[in-house]
Amino acid sequence: MGRLDGKICIVTGGNSGIGKKTAEVFLKEGGKVVIAARRHDENEKTVSELSQYGEISAVDADLTKPEDCHKVVDFTADKYGRVDVLVNNAGIADKHRPINTCDEDWYDTVVKIDQYSVYYMSKYALVHMEKQGKGSIVNISSIGSQGVAGISYSAAKSAVNAMTKNIAIYYSNKYDGKIRCNAVGPGPTPTPLNAPEAAATFDGEFAALCGQHIDITLPEADVEDQALACLYFASDESKAVTGQILYVDHGTTMY
């Protein structure tokens, strides 16, 4: 018996990196998965690759747009009649730009996908979770929420942590505590967002300065480590856990 048998799960940004591995783990544990991301070809490729593990669908969506977030939730609810798990994984890296080199357009770009998408998706999914009287939201935060990243990313991920706790507080005394919200905070984890070609576009000087405030000599986590943390929060094993930020980083930020 799988740990997510019968659960209907949405994973945003589910066509690569942590999101794709989370979708795979959820399928293997008996969940039915809907991934949502912008790139149609990558969505179709992911569905083709992961369908061997279970029932998976994809919705092409720009999650900076509330109407597209609505579309994802409506698709899932229409197809399955419920939404049990939402993993807010969609996001972009911010190129480690400090305040003096981060222009307003770039700040807005990062915040819209890394912060606003969490708000939109959570708001719309919670409508269905309230009807059911239960559900689990898992937000993907980051060690960058502690300020060791570019200003836009740090701000967005700090907001994700605050939203996580705020949602958890609101639902802690409703529905017998069966609607929960937690976050996973990855440390350094190899994904397309921080591949060498992507890292080459980062502000190297500020990235090095941030590196003085974390222990970068420790091992990196991998996408499966992050996916398994998401699985814990999605499953009933964590039924008494809400409002928690779980950093999966080999102790990188454990000062």
(request) Considering only Lys28, Lys123, Lys174, give the residue with the highest GNM mean-square fluctuation for the chain, with springs between Cα atoms whenever their separation is below 10 Å. (result) Lys174
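Inverting the mean 1/r over all pairs of different Cα atoms, compute the Kirkwood radius of region 52-154 and quote it in Å.
Value: 15.0 Å, from the Cα pair sum.
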(message) Amide H of Ser136 versus every other amide H placed in the peptide plane: which residues, excluding those fewer than 5 positions away on the same chain, fall under 5 Å?
(response) Val85, Leu86, Arg180
(request) Counting only heavy atoms of the protein chains, get the accessible area per residue of the chain (1.4 Å probe) and round it to a whole Å² value. (result) 46 Å²
(request) Can you tell me the 0 to 90 degree angle between the C-alpha axis of helix 17-28 and the longest principal axis of the chain, rounded to 10? (result) 20 degrees
(request) Express in Å², to the nearest 10, the accessible area of His96 obtained by rolling a 1.4 Å probe over the protein heavy atoms while all chains stay in place. (result) 30 Å²
(request) Go ahead and set up a Gaussian network model of the chain, Cα springs under 10 Å, then flag whichever of Asn166, Asn139, Asn15 fluctuates most. (result) Asn166
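Expressed in nm², what is the orientationally averaged projection area of the convex hull enclosing the Cα positions of region 39-97?
With the hull built on Cα positions only, its mean projection is 5.4 nm².
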(message) Looking at the chain as a GNM with Cα springs under 10 Å, which of Asp68, Asp105, Asp41 has the largest mean-square fluctuation?
(response) Asp105
(request) Quick one: work out Rg over Rh on the C-alpha atoms of region 137-177, Rh as Kirkwood radius. (result) 1.13
(request) Taking H placed 1.01 Å from N in the peptide plane, check which residues at least 5 places from Tyr247 or on another chain put their amide H under 5 Å from its amide H. (result) Gly185
(message) As I understand it, the value is the acute angle between the Cα axis of helix 223-234 and the longest principal axis of the Cα atoms of the chain; what does it come to in degrees, rounded to 10?
(response) 40 degrees
(request) On each of the three principal axes of the Cα atoms of the chain, give max minus min coordinate, whole Å, ordered largest first. (result) 50, 41, 34
(request) Could you tally the net charge around Gly2, taking each other residue with its Cβ under 15 Å from the Cβ of Gly2, Lys/Arg +1 and Asp/Glu -1? (result) -3
(request) Taking 7 Å along the Cα-to-C-beta vector as the label spot, tell me the Glu205-Tyr170 distance in nanometres, rounded to one decimal. (result) 4.2 nm
(request) Kindly sort Met163, Met254, Met129 by accessible area of their heavy atoms, largest first, with the probe set to 1.4 Å. (result) Met254, Met163, Met129
(message) If I fit a long axis through the Cα atoms of helix 117-132 and take the longest principal axis of the Cα atoms of the chain, what angle between them do I get, 0 to 90°, rounded to 10?
(response) 20 degrees
(request) Starting from the residue with the highest accessible area, list Phe75, Phe26, Phe206 in decreasing order, probe 1.4 Å. (result) Phe75, Phe206, Phe26
(request) Express in Å², to the nearest 10, the accessible area of Tyr119 obtained by rolling a 1.4 Å probe over the protein heavy atoms while all chains stay in place. (result) 110 Å²
(message) Using +1 at the C-beta of Lys and Arg and -1 at the C-beta of Asp and Glu, which of Tyr232, Gly144, Ile216 has the Cα lying farthest in the positive direction of the dipole of region 139-239?
(response) Tyr232
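Within a Cβ distance under 12 Å of Gly17, other residues only, what is the Lys/Arg minus Asp/Glu net charge?
-2
So between Glu44 and Lys123, what do we pick up on full extension, going 0.36 nm a residue minus the alpha carbon distance?
25.8 nm
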(request) With all protein chains present, calculate the accessible area of Val127 using a 1.4 Å probe and round the result to the nearest 10 Å². (result) 70 Å²
(request) Hey, for a label at Met254 modelled as a point 7 Å past Cα toward Cβ, could you say which residues of region 15-45 have their backbone N under 16 Å away? (result) none
(message) Give me the extension gain from Leu218 to Gln52: residue separation times 0.36 nm, minus the current Cα-Cα distance, reported in nm with one decimal.
(response) 56.3 nm
(message) What is the percent carbon and sulfur in the accessible area of region 1-154, measuring with a 1.4 Å probe over the protein chains and ignoring ligands?
(response) 46 percent
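The values are calculated or read from the model by the stated rules, or taken from the named source; none is laboratory data. Predicted model, so just to flag it, every value in this text is computed and none were measured. Virtual Cβ from ideal backbone geometry, glycine too; neighbours counted across all protein chains shown. When the accessible area is computed, the model is the full protein with side chains, heavy atoms only, and any ligands, DNA or RNA have been set aside. Shrake-Rupley method; radii C 1.70, N 1.55, O 1.52, S 1.80 Å.
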